[in-house]
1. What's the number of the only condition in (1) more than 10 Å from chain A (Cβ to nearest Cβ); (2) crowded, with 17+ Cβ neighbours inside 10 Å that B:CYS87 fails to meet?
2. Would the range A:28-35 turn up any residue that is surrounded by 13 or more Cβ atoms within 10 Å (Cβ to Cβ), closer than 29 Å to B:GLN36 by Cβ and free of Cβ contacts under 8 Å to residues at least 60 places away in the same chain?
3. From the list A:SER98, A:SER94, which residue is crowded, with 21+ Cβ neighbours inside 10 Å and more than 22 Å from A:GLN11 (Cβ to Cβ)?
4. Tally the residues that are touching a Pro at 6+ places or on another chain (Cβ under 8 Å) and part of a strand (DSSP E or B), restricting the search to the range B:89-109.
5. Identify the single condition in (1) part of a strand (DSSP E or B); (2) loosely packed, with under 15 Cβ neighbours inside 10 Å that B:LYS1 does not satisfy, given that it satisfies every other one.
6. Within the range A:36-52, work out how many residues are surrounded by fewer than 14 Cβ atoms within 10 Å (Cβ to Cβ), within 12 Å of chain B (Cβ to nearest Cβ) and charged (D, E, K, R).
7. Kindly indicate which of A:ASP77, A:ASP59 is part of a strand (DSSP E or B) and exposed (fewer than 15 other Cβ atoms within 10 Å of the Cβ).
8. Do we have B:SER50 as farther than 30 Å from A:ALA86 by Cα and facing chain A (nearest Cβ under 8 Å) here?
Amino acid sequence: DAMVIQNPRYQVTQFGKPVTLSCSQTLNHNVMYWYQQKSSQAPKLLFHYYDKDFNNEADTPDNFQSRRPNTSFCFLDIRSPGLGDAAMYLCATSRDLSGNTEAFFGQGTRLTVV
Amino acid sequence: KNEVEQSPQNLTAQEGEFITINCSYSVGISALHWLQQHPGGGIVSLFMLSSGKKKHGRLIATINIQEKHSSLHITASHPRDSAVYICAVAFSNTDKLIFGTGTRLQVFP
(Lines give C-alpha, C1' and ligand atoms only; values in the text may rest on other atoms or scores of the structure.)
Protein backbone atom coordinates (compact mmCIF):
# COMPACT_ATOMS: atom_id res chain seq x y z
CA ASP A 1 0.00 0.00 0.00
CA ALA A 2 1.28 3.41 -0.96
CA MET A 3 2.33 5.40 2.11
CA VAL A 4 3.26 8.66 0.40
CA ILE A 5 0.81 9.61 -2.31
CA GLN A 6 1.26 12.41 -4.77
CA ASN A 7 -1.47 13.83 -6.95
CA PRO A 8 -1.64 14.19 -9.79
CA ARG A 9 1.05 12.00 -11.36
CA TYR A 10 1.16 14.28 -14.40
CA GLN A 11 0.23 17.94 -14.47
CA VAL A 12 0.19 20.28 -17.44
CA THR A 13 -0.13 23.97 -16.71
CA GLN A 14 0.06 27.14 -18.72
CA PHE A 15 2.92 29.57 -18.42
CA GLY A 16 2.13 31.90 -15.55
CA LYS A 17 -0.96 30.02 -14.34
CA PRO A 18 -0.79 29.06 -10.65
CA VAL A 19 -0.62 25.35 -9.99
CA THR A 20 -0.78 23.24 -6.82
CA LEU A 21 0.72 19.82 -6.32
CA SER A 22 -0.47 17.59 -3.52
CA CYS A 23 1.20 15.10 -1.20
CA SER A 24 -0.35 12.98 1.51
CA GLN A 25 1.12 10.43 3.89
CA THR A 26 -0.25 7.66 6.06
CA LEU A 27 2.92 7.26 8.14
CA ASN A 28 2.25 10.06 10.65
CA HIS A 29 5.79 11.30 10.03
CA ASN A 30 6.89 14.63 11.41
CA VAL A 31 8.87 15.74 8.39
CA MET A 32 7.65 16.31 4.86
CA TYR A 33 9.97 17.39 2.05
CA TRP A 34 9.51 18.76 -1.45
CA TYR A 35 12.22 18.13 -4.04
CA GLN A 36 12.55 19.32 -7.62
CA GLN A 37 14.25 16.97 -10.05
CA LYS A 38 15.10 18.05 -13.58
CA SER A 39 16.05 15.62 -16.28
CA SER A 40 19.20 13.60 -15.51
CA GLN A 41 19.87 15.64 -12.38
CA ALA A 42 19.82 14.82 -8.69
CA PRO A 43 16.75 15.83 -6.67
CA LYS A 44 17.10 19.33 -5.25
CA LEU A 45 15.51 20.15 -1.92
CA LEU A 46 13.09 23.07 -2.11
CA PHE A 47 11.83 23.14 1.47
CA HIS A 48 10.66 20.97 4.30
CA TYR A 49 8.26 21.03 7.21
CA TYR A 50 9.08 19.68 10.63
CA ASP A 51 5.58 19.42 12.01
CA LYS A 52 4.32 22.97 11.41
CA ASP A 53 7.74 24.57 11.21
CA PHE A 54 8.56 25.58 7.65
CA ASN A 55 12.16 25.58 6.44
CA ASN A 56 12.91 27.13 3.09
CA GLU A 57 16.17 26.44 1.26
CA ALA A 58 18.11 29.62 0.61
CA ASP A 59 18.08 29.21 -3.14
CA THR A 60 14.43 28.24 -3.53
CA PRO A 61 12.72 30.88 -5.69
CA ASP A 62 9.94 32.94 -4.14
CA ASN A 63 7.70 31.56 -6.85
CA PHE A 64 7.54 28.32 -4.85
CA GLN A 65 5.43 28.18 -1.71
CA SER A 66 4.21 25.39 0.50
CA ARG A 67 1.39 24.68 2.91
CA ARG A 68 0.93 21.96 5.47
CA PRO A 69 -2.58 22.20 6.90
CA ASN A 70 -2.21 19.03 8.96
CA THR A 71 0.20 16.16 9.56
CA SER A 72 -1.00 14.15 6.60
CA PHE A 73 -1.04 16.70 3.80
CA CYS A 74 1.48 19.02 2.24
CA PHE A 75 1.03 21.18 -0.84
CA LEU A 76 3.47 22.76 -3.25
CA ASP A 77 2.19 25.96 -4.85
CA ILE A 78 3.90 27.45 -7.87
CA ARG A 79 2.54 30.96 -8.19
CA SER A 80 3.63 31.76 -11.73
CA PRO A 81 5.16 28.74 -13.44
CA GLY A 82 7.82 29.39 -16.00
CA LEU A 83 9.17 27.04 -18.63
CA GLY A 84 12.17 26.41 -16.40
CA ASP A 85 9.93 25.01 -13.69
CA ALA A 86 9.07 21.96 -15.77
CA ALA A 87 10.40 19.06 -13.73
CA MET A 88 9.53 16.07 -11.60
CA TYR A 89 8.42 17.14 -8.13
CA LEU A 90 9.01 14.61 -5.41
CA CYS A 91 7.49 14.54 -1.96
CA ALA A 92 9.17 12.60 0.82
CA THR A 93 8.59 12.01 4.52
CA SER A 94 10.68 10.91 7.45
CA ARG A 95 10.03 10.37 11.11
CA ASP A 96 12.47 13.06 12.10
CA LEU A 97 15.23 15.20 10.68
CA SER A 98 18.10 12.92 11.58
CA GLY A 99 19.77 11.35 8.59
CA ASN A 100 19.51 8.08 10.48
CA THR A 101 15.82 7.74 9.73
CA GLU A 102 14.54 6.29 6.51
CA ALA A 103 12.95 8.57 3.95
CA PHE A 104 9.84 7.49 2.08
CA PHE A 105 9.17 8.97 -1.32
CA GLY A 106 6.04 9.43 -3.37
CA GLN A 107 5.75 8.53 -7.04
CA GLY A 108 6.32 12.12 -8.05
CA THR A 109 4.36 14.60 -10.11
CA ARG A 110 5.74 15.42 -13.52
CA LEU A 111 4.96 19.04 -14.31
CA THR A 112 4.85 20.30 -17.87
CA VAL A 113 4.57 24.04 -18.55
CA VAL A 114 3.17 25.07 -21.91
CA LYS B 1 32.13 21.01 1.56
CA ASN B 2 29.46 18.30 1.52
CA GLU B 3 29.83 16.40 -1.73
CA VAL B 4 28.62 13.07 -3.06
CA GLU B 5 30.03 11.42 -6.16
CA GLN B 6 28.74 8.32 -7.88
CA SER B 7 30.31 6.13 -10.50
CA PRO B 8 29.73 5.07 -13.12
CA GLN B 9 27.13 7.48 -14.48
CA ASN B 10 25.84 4.87 -16.91
CA LEU B 11 26.13 1.12 -16.79
CA THR B 12 24.93 -1.60 -19.12
CA ALA B 13 25.01 -5.29 -18.32
CA GLN B 14 23.83 -8.63 -19.58
CA GLU B 15 21.30 -10.51 -17.54
CA GLY B 16 23.02 -12.53 -14.84
CA GLU B 17 26.04 -10.26 -14.45
CA PHE B 18 27.27 -8.98 -11.10
CA ILE B 19 26.83 -5.21 -10.82
CA THR B 20 28.72 -2.75 -8.65
CA ILE B 21 27.84 0.92 -8.23
CA ASN B 22 30.09 3.18 -6.19
CA CYS B 23 29.51 6.23 -4.03
CA SER B 24 32.13 8.46 -2.42
CA TYR B 25 31.56 11.33 -0.08
CA SER B 26 33.63 14.14 1.29
CA VAL B 27 33.23 14.42 5.08
CA GLY B 28 31.73 12.63 8.06
CA ILE B 29 28.21 11.28 7.76
CA SER B 30 25.28 10.20 9.92
CA ALA B 31 23.99 7.73 7.36
CA LEU B 32 24.08 6.83 3.70
CA HIS B 33 21.01 5.85 1.70
CA TRP B 34 20.76 3.86 -1.51
CA LEU B 35 17.65 4.66 -3.52
CA GLN B 36 16.16 3.24 -6.70
CA GLN B 37 14.29 5.36 -9.21
CA HIS B 38 12.39 3.71 -12.05
CA PRO B 39 11.34 5.47 -15.25
CA GLY B 40 8.27 7.48 -14.34
CA GLY B 41 9.88 8.94 -11.28
CA GLY B 42 9.00 7.19 -8.04
CA ILE B 43 11.88 6.62 -5.65
CA VAL B 44 12.17 3.57 -3.43
CA SER B 45 14.51 3.37 -0.48
CA LEU B 46 16.71 0.28 -0.77
CA PHE B 47 19.09 0.63 2.17
CA MET B 48 20.07 3.00 4.91
CA LEU B 49 23.40 2.24 6.53
CA SER B 50 25.98 3.89 8.72
CA SER B 51 28.44 1.02 9.02
CA GLY B 52 29.17 -2.45 7.73
CA LYS B 53 27.00 -4.27 5.28
CA LYS B 54 23.34 -4.95 4.57
CA LYS B 55 21.72 -7.53 2.29
CA HIS B 56 18.23 -7.74 0.88
CA GLY B 57 17.58 -10.42 -1.68
CA ARG B 58 20.02 -9.93 -4.55
CA LEU B 59 21.08 -6.50 -3.32
CA ILE B 60 24.04 -5.89 -1.04
CA ALA B 61 25.20 -2.53 0.28
CA THR B 62 28.51 -1.93 2.01
CA ILE B 63 30.09 1.12 3.55
CA ASN B 64 33.65 1.89 4.60
CA ILE B 65 33.58 4.84 6.97
CA GLN B 66 37.35 5.33 6.99
CA GLU B 67 37.54 5.47 3.21
CA LYS B 68 34.27 7.45 2.89
CA HIS B 69 33.00 5.04 0.32
CA SER B 70 29.97 2.84 -0.23
CA SER B 71 29.09 0.26 -2.85
CA LEU B 72 25.81 -1.20 -4.02
CA HIS B 73 26.05 -4.68 -5.51
CA ILE B 74 23.44 -6.53 -7.51
CA THR B 75 23.97 -10.24 -7.93
CA ALA B 76 22.45 -12.17 -10.84
CA SER B 77 21.16 -8.99 -12.47
CA HIS B 78 17.83 -9.02 -14.23
CA PRO B 79 16.22 -6.65 -16.75
CA ARG B 80 13.77 -5.55 -14.07
CA ASP B 81 16.76 -4.13 -12.16
CA SER B 82 17.05 -1.48 -14.87
CA ALA B 83 16.65 1.85 -13.09
CA VAL B 84 18.58 4.81 -11.77
CA TYR B 85 20.35 4.09 -8.51
CA ILE B 86 20.96 7.09 -6.30
CA CYS B 87 23.28 7.46 -3.35
CA ALA B 88 22.10 10.05 -0.81
CA VAL B 89 24.14 11.07 2.20
CA ALA B 90 23.16 12.63 5.51
CA PHE B 91 26.28 14.52 6.53
CA SER B 92 26.98 14.94 10.22
CA ASN B 93 26.98 18.73 9.95
CA THR B 94 23.52 19.06 8.38
CA ASP B 95 20.04 17.55 8.59
CA LYS B 96 19.62 17.39 4.83
CA LEU B 97 20.15 14.55 2.43
CA ILE B 98 22.66 15.36 -0.28
CA PHE B 99 22.02 13.36 -3.42
CA GLY B 100 24.45 11.97 -5.93
CA THR B 101 23.54 12.37 -9.58
CA GLY B 102 22.68 8.71 -9.92
CA THR B 103 23.83 5.72 -11.94
CA ARG B 104 21.62 4.68 -14.82
CA LEU B 105 21.65 0.89 -15.09
CA GLN B 106 20.33 -1.03 -18.05
CA VAL B 107 20.27 -4.82 -17.92
CA PHE B 108 19.65 -6.58 -21.22
CA PRO B 109 18.23 -10.10 -21.59
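The values are calculated or read from the model by the stated rules, or taken from the named source; none is laboratory data. As the structure is a prediction and not an experimental result, all values here were calculated from the model. We place every Cβ from the backbone using ideal geometry, glycine too, and count neighbours over all the protein chains shown.
1. Of (1) more than 10 Å from chain A (Cβ to nearest Cβ); (2) crowded, with 17+ Cβ neighbours inside 10 Å, only one is false for B:CYS87: (1).
2. Here is the first cut: in the range A:28-35, the ones surrounded by 13 or more Cβ atoms within 10 Å (Cβ to Cβ) are A:29-35.
Next, from what is left, pick out any that are closer than 29 Å to B:GLN36 by Cβ: A:29-35.
Then drop every residue that is not free of Cβ contacts under 8 Å to residues at least 60 places away in the same chain, which leaves A:34-35.
Yes, the conditions are met somewhere in the range A:28-35.
3. Only one candidate passes the filter, namely A:SER94.
4. To start, the set of residues in the range B:89-109 that are touching a Pro at 6+ places or on another chain (Cβ under 8 Å) comprises B:99, B:103, B:107-109.
With the extra rule that they be part of a strand (DSSP E or B), the set shrinks to B:99, B:103, B:107-108.
Going through the range B:89-109 one residue at a time, the tally reaches 4.
5. (1)
6. Number satisfying all stated conditions: 1.
7. That would be A:ASP77, the only listed residue that is part of a strand (DSSP E or B) and exposed (fewer than 15 other Cβ atoms within 10 Å of the Cβ).
8. yes
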